[in-house]
Amino acid sequence: MPLYLKVVLPVAGLILGIFSLTVPEGARSQQPSDAIAQAQSPKEVPIERPEQKKTAHDLSEVFNPSNAEPSSEALTNQTDHGTMPGFDFYRDGLGATRPGMTFDDFYRAGVANKAGVMATQRRLLESRYNLEPKLDPVVTMSRGKPLPVGPTAKLPAGMTWEALAALSPDEIRVRDIFPYKALPHASQGGGLGGQVFPQMQTRMFPRLERYDVEFDLPEAFLPEFPPAMYLQSRPELGDVSRGEVVSINNYYRLFVDILTAVQLDGLRLLVTPFPQEEFNPTGDRKTAQPSLGVTCFDCHTNGHTSGAFHITPDQRPEQRRIRLDTVSLRGMFNQQIHGSKRSLRSVEDFTEFEQRSAYFNGDMIHALKKGMNILDRIQVTNMAQMQNMLDFPPAPKLTVTGMLDPAKATAGELAGEKLFFGKAQCSACHPAPNYLDNQMHDLHVERFLKNEAGDGPIKAFTLRGIKDSPPYFHDGRLLTLEDTVEFFNLVLELKLTPEEKHNLVEFMRQL
């Protein structure tokens, strides 16, 4: 045997032997289901050392603020006796109904009211939609989830879609029969909204589960979880997620040989949890246990979306705020405005704004209280560089100009394309090849609504890869592509035939 093998092999064996002695059995193959939660949860240890035991010095544990001695006897002669009769900025939670409310007050009320809150939301949804999903037997999303088909919206007894479309906006408004009214947040009134994640996600990441409200739409109408992830820098790799949810636990292993150092650092920040309004370490939170916060990729899972919703930070009063469905980050490299309402002009601005304000419902004061995260501009640009790597799913029937290849498309798809760029007027806001125009548009839906306001200008979102992104519209009120076609047929007064509607859906599935 060569001399170097006689030396190397015993040393290698010694190292392996030491490793087997120091690593507990099974630990090498064990992957924590949520390393973040484990990292912030201390383990119980036996009370053995003297300094661990309670002593007479531990007075703060029994301290009652109402019995505290004043710092000066002069305070007792003041009108309010030195107390603060109003809300305590540091202690009182968002939505407090009286001064001095504690986390236990909020928690007990939230848990007690949750069933009633969700029952109310369920009744609303069932009054508007048929929530029993119908699935396409052939067409799927990128990783194989069946595509839900519709329309799902319920019409008045005896009414058909054709008869409804024949009515004028005034007639629909007076009769109060518009089927696609704004979708409210399940906890908009009492809980002040906030981020809500679907159950398929909270089962995997319990840190995202709220005690006061839960997701309201059936899983069949949501994107895949995990969704596919595509990089415009490496299109030949296809889906780079490998069927995993990209997180702080695995991002380095998955991408160390694929991304540049700058992009990898940007991804690290996108999967790092930071405090947020409902998810934070303070008593003003909506999780049973304190939390490090949420990550950008919690909502924008794998650079796409899980369907999580929240509420716009950009409007007041509370009853005028609108529900927002999380938009996909795919194709960010070609988008020039960001945010459904804010029209932010760069990915960097959007990233920075989210960190400073939007995570706290547009309130920087709450951000200070719960942990405002001021990122260095270098970090912001790193995050933006990573977001700009996210690509659309492959569209094998499209040419480089974004139009259908006649040699690959069906007759129905080609007819749908003609409608898209013609009678249906879709291309006015969604031109090829990226199927967006980087503009804000106001559809003036209030023309059809009897007792509701409209939405105002909303950013047009890209339709590339649209079949992967249900539900649709900024608040998710359109559960399927068929619902989307029916909505625009009414709002734009297109008078499409049933066959034309079907062809439009066929075309959009190829984007």
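The values are calculated or read from the model by the stated rules, or taken from the named source; none is laboratory data. Quick caveat: nothing in here was measured; it's all calculated off a predicted structure. Don't worry about glycine lacking a Cβ; one is built from the backbone with ideal geometry, like all the others, and counts go over all protein chains shown. Surface areas here come from the heavy atoms of the whole protein model, side chains and all, with no ligands, DNA or RNA. Shrake-Rupley method; radii C 1.70, N 1.55, O 1.52, S 1.80 Å.
If Lys and Arg each add +1 and Asp and Glu each add -1, what is the summed charge of the other residues whose beta carbon sits under 14 Å from the beta carbon of Leu504? Could you put the intermediate results ahead of the total?
Details: positive: Lys418, Lys423, Lys467, Lys495, Lys501, Arg509; negative: Glu413, Glu417, Glu482, Asp483, Glu486, Glu499, Glu500, Glu506.
Around Leu504, the charge tally is -2.
Hey, what number do you get for the chain at 222 nm if only DSSP H runs of n ≥ 4 count, each worth -39500 (n - 2.57), divided across all residues, to the nearest 500?
Details: 15 runs with 146 residues, N = 511.
That calculation yields -8500 deg cm²/dmol at 222 nm.
Pick out, from Thr484, Pro471, Leu259, the residue whose Cα sits farthest towards the positive end of the charge dipole of the chain, with +1 on the Cβ of Lys and Arg and -1 on the Cβ of Asp and Glu.
The residue sitting farthest along the positive end of the dipole is Leu259.
Treating only the Cβ of Lys, Arg, Asp and Glu as charged (+1, +1, -1, -1), what charge dipole size does the chain show about its Cα centre? Round to the nearest 20 debye. Walk me through the numbers before you get to the answer.
On the way: 54 positive and 63 negative charges, 134 e Å.
Roughly 640 debye, rounded to the nearest 20.
In whole angstrom, note down how far apart the Cα centers of segment 310-372 and segment 105-173 are.
Taking the Cα centre of segment 105-173 as reference, the centre of segment 310-372 is 26 Å away.
Rank these by accessible area, largest first, 1.4 Å probe: Cys299, Cys429. Walk me through the numbers before you get to the answer.
Values: Cys299 15, Cys429 35 Å².
Descending order: Cys429, Cys299.
Across segment 281-298, in residue order, what do the Karplus-derived ³J(HN,Hα) couplings come to in whole Hz, using 6.51 cos²θ - 1.76 cosθ + 1.60 with θ = phi - 60° and x for Gly and Pro?
Running phi through 6.51 cos²θ - 1.76 cosθ + 1.60 with θ = phi - 60° gives x, 7, x, 8, 8, 10, 10, 4, 10, x, 9, 5, x, 10, 10, 4, 7, 5 Hz.
For Asp170, what is the net charge nearby, where nearby means another residue's Cβ is under 14 Å from its Cβ and Lys, Arg count +1, Asp, Glu -1? Numbers along the way, then the final one.
Numbers: positive: Arg173, Arg175, Arg447, Lys450; negative: Glu171, Asp176, Glu446, Glu493.
So the environment of Asp170 carries a net charge of 0.
What does the charge dipole of segment 240-298 about its Cα centre add up to, to the nearest 20 debye, if the Cβ of each Lys and Arg holds +1 and the Cβ of each Asp and Glu holds -1?
Numbers: 5 positive and 7 negative charges, 27 e Å.
Using only the charged Cβ atoms, the result is roughly 140 debye.
Looking at this model, which pairs from Lys341/Lys467; Lys43/Lys286; Lys341/Lys408; Lys53/Lys114 are more than 32 angstrom apart at the alpha-carbon?
Exceeds cut-off: Lys341/Lys408; Lys53/Lys114.
Quick one: which residues, 5 or more positions from Phe392 or on another chain, have an amide H under 5 Å from its amide H? H modelled 1.01 Å from N in the peptide plane, none for Pro or chain starts.
Excluding prolines and chain starts, which carry no amide H, the hits are Gly331.
Roll a 1.4 angstrom probe over the protein heavy atoms and tell me the percent of accessible area of segment 111-249 that is carbon or sulfur.
Working: 3230 of 6120 Å².
Of the solvent-accessible surface of segment 111-249, carbon and sulfur hold 53 percent.
According to a simple spin-label model (label point 7 Å from Cα along Cα-to-Cβ), what is the distance in nm between Ser233 and Arg98?
Using points 7 Å along Cα→Cβ, the separation is 5.6 nm.
Which net charge results for the neighbourhood of Lys418, defined as the other residues with beta-carbon distances under 13 angstrom from its beta-carbon, given Lys and Arg at +1 and Asp and Glu at -1? Could you put the intermediate results ahead of the total?
Details: positive: Lys423; negative: Glu413, Glu417, Glu499, Glu500, Glu506.
In short, -4.
Tell me which of Val327, Ser142, Ile47 sits at the most positive position along the dipole axis of the chain, charges placed on C-beta atoms (Lys, Arg +1; Asp, Glu -1).
The residue sitting most towards the positive pole is Ser142.
Through the Karplus equation 6.51 cos²θ - 1.76 cosθ + 1.60, θ set to phi - 60°, convert the phi angles of segment 159-165 into ³J(HN,Hα) values in whole Hz; use x for Gly and Pro.
With the stated coefficients, segment 159-165 comes to 8, 10, 5, 5, 5, 5, 5 Hz.
List the residue ranges in the chain for DSSP H helices whose C-alpha atoms run 20 angstrom or more along the long axis and whose Kyte-Doolittle average is 0.0 or above.
Values: long enough: 3-22 (29 Å, 1.99); 103-128 (36 Å, -0.47).
Once both thresholds are applied, what remains is 3-22.
Amide H of Asp136: which non-local residues (sequence gap of 5 or more, or other chain) have their own amide H closer than 5 Å, using H built in the peptide plane?
Here the answer is Leu147, Val149, since their amide H atoms fall under 5 Å of that of Asp136.
Which of Gly238, Met200, Pro227 sits farthest toward the positive end of the charge dipole of segment 196-249, with +1 on the Cβ of Lys and Arg and -1 on the Cβ of Asp and Glu?
Working it through, the farthest residue towards the positive pole turns out to be Gly238.
To the nearest µm²/s, what D does Stokes-Einstein give for segment 215-297 at 25 °C and 0.890 mPa s, using the Kirkwood radius over alpha carbon pairs as Rh?
Working: Rh = 14.8 Å.
This corresponds to a translational diffusion coefficient of 166 µm²/s.
For a bin width of 10 Å, list the pair-distance distribution of segment 155-229 built from all Cα-Cα distances, rounded to whole %.
15, 31, 23, 23, 9
Taking the structure as given and computing Rg and Dmax of the Cα atoms in Å, which label from [x] 42.1, 175; [y] 24.9, 87; [z] 27.0, 95 fits?
[z]
When 1/r is averaged over all different Cα pairs and the result inverted, which Kirkwood radius in Å belongs to segment 85-140? Let's see the in-between values first.
Values: mean 1/r = 0.0674 Å⁻¹.
One over the average 1/r among Cα pairs gives 14.8 Å for segment 85-140.
How large is the charge dipole for segment 192-275, taken about the Cα centre, if only the Cβ atoms of Lys, Arg (+1) and Asp, Glu (-1) carry charge, to the nearest 20 debye? Before the final figure, lay out the partial values.
On the way: 7 positive and 11 negative charges, 59 e Å.
Here segment 192-275 has a charge dipole of around 280 debye.
Compactness ratio of segment 410-497: Cα Rg over 2.2 N^0.38 Å, N = residue count?
Numbers: Rg = 13.3 Å, N = 88, 2.2 N^0.38 = 12.1 Å.
The value comes to 1.10.
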